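Participant: Quick one: the structure is below, questions incoming.
Nothing in this text is a laboratory measurement; each read-out follows from the coordinates by a stated rule. It should be emphasised that the depicted structure is a prediction, and the values quoted were computed from it without experimental measurement. For neighbour counting, all protein chains shown are included, and Cβ atoms are generated from backbone atoms with ideal geometry for every residue, glycine included.
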Amino acid sequence: MPRQRRTAVIGAGIAGLAMARELHREGIEVVVFEKGDDLGGTWNYDPRIDSDPTGLEPTREVVHSSVYLSLRTNLPRQIMGFVDYPFREDEDGDRRTFPGHKEVLRFVKEFAEEFGLRGLVRFGSEVVRVERVGTGLWLVEWKTKRSEEVLVSKEMFEAVVVCNGHFTQPRVPTIPGIEKWPGYQIHSHNYRVPETFRDKVVVIIGFAASAFDISRDVAKVAKEVHVASRSSEVMVMKVPNHDNIWQHKMVKYVTEESLVAFEDGSSIHADVMFYCTGYTYHFPFLETNGIVTIEDNRVGPLYKHVFPPSLAPSLSFIGLTEKDIIFQMTDLQCKWVARVLSGKVQLPSEKEMMASVEEYYQQMEKNGYPKHTTHHLHFKEVEYCNWLAAEAGLPPVEDWKERMYVESIKSVFSMKDNYRDQWDDAYWDAIIKEASLSKCR
Ligand code: FAD
């Protein structure tokens, strides 16, 4: 007899929606709490920004989305669908292989409509406290606003799935002298349009996809863009095919005369310090008496990045892993969690799950991976997805999806400006066609 657990899901981005679908499929009653007014999470472009553009001020007014106006996906749409619900082109939509953010939102909303998920969501409901009470129940407290009135409500659930996203709380490096540096500081979370940087000298810190894309976007109007990075791979140079972009080693220090000195020995006077330095996990509502902690961006202990062993299965986290085939992986995690909550799949004992977590940490240490990369999959993205798929009773990730993922990651790191538009669609169409034919044979 399956166990029916009334479950609260926090967040109606892709993780919360995929979770709601799977719980509903398993016949489990689900309530999705969403602090915003619509579905789609970070894909809901919002022209507003946080009241503190660096995102450091704890009492600032926070805007959830980190999407900027010109953003296009960095994975091809063929691997941005859910496991059993592909991201198809829409005749009236943005039909590019790497579409803009509006198209992703259109797809996410279509997914929600198709599976009747909207009705499961309580919009404008921000969860402010999640706490275990008695044996096996969770108290969920949330607030709603009606004009000036704030209403706080409480409800008990047997399980809670945290799907609140992890691209909203900026991580910012400490730079010697920054407290007296007179320029404007901003984190990529608060970037929307390049116009703010017209004729400015901008220093962008970061070496990942966002630093690459934003530096090109800002350079369209800025006087100069200087990209600084800690990465050992960085070459100090003027970037080819651009008149106004330079690449440097990390910023060494700044001064109150607006000087920015780089570790490569060069220095400039700049107007803007732009942090494309990633995000930290943040669960301000969660009270677990220290069972789940965040240390140096490690959320732990979590069995397979999802279940805290001593609170499993009633508490779980979806979508914490980074640098992977996000939609597929998220959907597979949801399928696994729903099967666990319905009693169809058993978790190992608490002791065994803890042992697995410890082993993972030891393996990371042995390989020299820093703690803050705990939820990066370290080139084992597909292995992880296949493990989840097996738990969910599904076949492994199709070979072509793995190949396409590897190829798209190579493209991102190729640092070619037009990698999205140089994608070989004909080649990949043929590969996908062949794969579907051999499936039918
Ligand atoms: P989110 O989309 O962040 O959704 C979380 C939801 O939880 C939000 O709706 C929020 O309002 C709600 N919420 C938060 N706290 C509370 C609370 N206390 N109470 C109630 N509701 C709450 N992925 C790709 O696959 N391809 C890409 O090209 C790509 N590009 C990206 C570009 C940028 C700039 C960013 C930031 C991310 C990108 N990603 C990309 C990753 C993207 O974040 C994921 O694809 C995915 O959308 C994350 O979904 P999520 O549901 O986990 O989180």
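Participant: Hey, what do the phi angles of the stretch 193-199 turn into as Karplus ³J(HN,Hα) couplings, whole Hz, using 6.51/-1.76/1.60 and θ = phi - 60°, x for Gly and Pro?
Facilitator: 9, x, 3, 3, 10, 4, 6
Participant: To continue, here is another question. Counting other beta carbons within 10 Å of each residue's own, what order do 235, 415, 250, 353 fall into, fewest first? Intermediate results must be reported in sequence, preceding the final value.
Facilitator: Values: 235 10, 415 13, 250 16, 353 20.
Least crowded to most crowded, the residues run 235, 415, 250, 353.
Participant: Sort out for me the Cα centre separation of the stretch 282-334 from the stretch 341-411, rounded to whole Å.
Facilitator: 13 Å
Participant: Could I have the simple spin-label model distance between residue 431 and residue 220, label points 7 Å from Cα toward Cβ, reported in nm to one decimal?
Facilitator: That separation, rounded to one decimal, is 3.0 nm.
Participant: Taking the Cβ-Cβ separation of residue 137 and residue 62 as r and a Förster radius of 25 Å, what is the calculated FRET efficiency to the nearest 0.05? All intermediate terms of the calculation are to be shown ahead of the outcome.
Facilitator: Working: r = 29 Å, r/R0 = 1.17.
Using R0 = 25 Å, I get an efficiency of 0.30.
Participant: If you don't mind, another one. Give the Rg (one decimal place) followed by the Dmax (whole number) of the chain, computed from C-alpha coordinates and expressed in Å.
Facilitator: 22.5, 71
Participant: Can you give me the angle between helix 381-391 and the longest principal axis of the chain, using Cα atoms only, in degrees from 0 to 90, rounded to the nearest 10?
Facilitator: Once rounded, the angle reads 10 degrees.
Participant: Same structure again: Give me the distance in nm between label points sitting 7 Å out from Cα along the Cα-to-Cβ direction at residue 356 and residue 234, one decimal.
Facilitator: Rounded to a tenth, the inter-label distance reads 3.8 nm.
Participant: Amide H to amide H, which residues 5 or more places from residue 82 or on other chains are under 5 Å from it, using H placed in the peptide plane?
Facilitator: Here 87 satisfy the definition.
Participant: Once both labels are modelled 7 Å past Cα along the beta-carbon direction, what's the residue 92-residue 253 spacing in nm?
Facilitator: Between residue 92 and residue 253, the label points sit 6.0 nm apart.
Participant: Would you mind checking the tilt of helix 326-341 against the longest principal axis of the Cα atoms of the chain, expressed as 0 to 90 degrees and rounded to 10?
Facilitator: Compared with the principal axis, the helix lies near 20 degrees.
Participant: Remind me, relative contact order of the stretch 1-110 in percent, using alpha carbon pairs under 8 angstrom and six or more residues apart?
Facilitator: It comes to 22 percent, rounded to a whole number.
Participant: Cα centroids of the stretch 25-69 and the stretch 143-189: how far apart, whole angstrom?
Facilitator: 9 Å
Participant: Going by how many other beta carbons lie within 10 Å of each one, how would you line up 68, 275, fewest first? It would help to have the intermediate numbers written out before the result.
Facilitator: Details: 68 20, 275 27.
Going from sparsest to densest Cβ surroundings: 68, 275.
Participant: Under the rule of -39500 (n - 2.57) per DSSP H run of 4 or more residues, summed and divided by the residues of the chain, what mean residue ellipticity at 222 nm is obtained, to the nearest 500 deg cm²/dmol? Please list the in-between numbers first.
Facilitator: On the way: 8 runs with 112 residues, N = 441.
Only helices count here, giving -8000 deg cm²/dmol.
Participant: Right, here's the next one. Between helix 425-440 and the chain, what is the angle of the helix's C-alpha long axis to the longest principal axis, kept within 0 to 90° and rounded to the nearest 10?
Facilitator: 20 degrees
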